[in-house]
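In what follows, a single structure is set out as structure tokens and then discussed.
Each value in this text was obtained by applying a stated rule to the coordinates, not by laboratory testing. Keep in mind the model is a prediction, meaning the values are calculated, not measured. Positions of Cβ are backbone-derived with ideal geometry, glycine not excepted, and every protein chain shown enters the neighbour counts.
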Amino acid sequence: MSLKINDVSKVFGGVVALSDVSFSVEPRSIFGLIGPNGAGKTTLFNIIAGVFKPTRGSIMMDGRHLENEPNYLRIDRSIARTFQNIRLFPNLTVLQNIVVGMHNKLRCAMIESLFRTSRWRAEEASARERASELLDTFGLGDRKDDIARSLPYGEQRILEITRALVTDSNVLLLDEPAAGLNNVESARLVDFIRMIRNKMGRTILLVEHDMNVVMKVCEHLVVLDHGVKIAEGEPCEIQKNKQVIEAYLGRKFADEAGS
Ligand SMILES: Nc1ncnc2c1ncn2[C@@H]1O[C@H](COP(=O)(O)OP(=O)(O)OP(=O)(O)O)[C@@H](O)[C@H]1O
Ligand SMILES: [Mg+2]
């Protein structure tokens, strides 16, 4: 699976959110997209996921033009994502949150679920089993029956990402998964992201402001500023890049030191 962003621009009214952005994402890589607030990172995720159409440019996956595919096809077949703000069903259990994420893949019609036919019961049982396996794999096995809102914040994030893994999509988009996590939780997140790539072979695109997480886990970075790609390379190169320090990293570390 290869993902290519070709000369993508996005204009909202008078605001140019992205301007001729191009890059390629290697299959099975952990790829970071960084830059200051308003740089256009979430907008690019929304274009890849099919929420917005680009004003110009194209998104190619294995030679297929994604920008011509409807959003629901992309979510089903190729792209999974999490959002900048956690979106769980807070009053459902951990297991139920995963099973809900599987429902667009189940074949039974609504009417069968209403009458709880034997086919529906069989599908539901296999969905629960698969959900349990996923939770065991990613360390939430002993939390299955807990209500989602009762989990510590870091585990809610891990649950949300685990739910995104139930589709067979090749690419996983994570928008600021470390926001609000403490150091212990973000170290666990780093291990978790690596495990998703190593065990499931997914390609991961990560938008993140926590540079500890970014520099530890990402193999390749693209830096956006005001909708323009200002740099691309390995984390060690990006950390030394003058333009990136000026536009983002320098300011960021100065703010953090001052706060
Ligand atoms: N739906 C929209 N309508 C109008 N303008 C938008 C919309 N979405 C984003 N923008 C604008 O596009 C620009 C890029 O925003 P975006 O949310 O992509 O930035 P970001 O890099 O994700 O920032 P942050 O790090 O704060 O999340 C901003 O100027 C924003 O105000
Ligand atoms: Mg954003």
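Pick from LYS53, LYS199, LYS229: which residue has the top mean-square fluctuation in a GNM of the chain where Cα pairs under 10 Å get a spring?
Comparing LYS53, LYS199, LYS229 in a Gaussian network model of the chain, the most mobile one is LYS199.
Would you calculate, for the chain, the mean residue ellipticity at 222 nm contributed by helices, counting each DSSP H stretch of 4 or more residues as -39,500 (n - 2.57) and dividing by all residues, to the nearest 500?
-12000 deg cm²/dmol
For PHE12 and ASN91, FRET efficiency with R0 = 35 Å and r from the beta-carbon atoms, rounded to 0.05?
Computed FRET efficiency for ASN91 and PHE12: 0.50.
Taking the alpha-carbon centroid of each part, what is the distance from the range 167-187 to the range 2-45 in angstrom?
18 Å
Arrange the following residues from fewest to most other Cβ atoms within 10 Å of their Cβ: ASP7, ASP175.
So the residues, fewest neighbours to most, are ASP7, ASP175.
Please report the antiparallel percentage of DSSP beta bridges with both residues in the chain, rounded to the nearest 5.
Percent antiparallel among DSSP bridges in the chain is about 55.
What is the magnitude of the charge dipole of the range 156-259 about its Cα centre, with +1 placed on the Cβ of each Lys and Arg, -1 on the Cβ of each Asp and Glu, and no other charges, expressed in debye to the nearest 20?
260 debye
Please arrange MET195, MET61, MET215 by counting, for each residue, the other beta carbons lying within 10 Å of its beta carbon, fewest first.
Least crowded to most crowded, the residues run MET195, MET215, MET61.
Run the dipole for the chain about the Cα centre, Lys and Arg Cβ at +1, Asp and Glu Cβ at -1, nothing else charged, and hand back the magnitude in debye, nearest 20.
Approximately 560 debye in magnitude.
Rank the residues VAL100, VAL184 as a footprinting-exposure proxy: fewest other Cβ atoms within 10 Å of their Cβ go first.
VAL184, VAL100
In a Gaussian network model over the chain where Cα atoms closer than 10 Å are linked, find which of LEU172, LEU151, LEU205 has the largest mean-square fluctuation.
Comparing LEU172, LEU151, LEU205 in a Gaussian network model of the chain, the most mobile one is LEU151.
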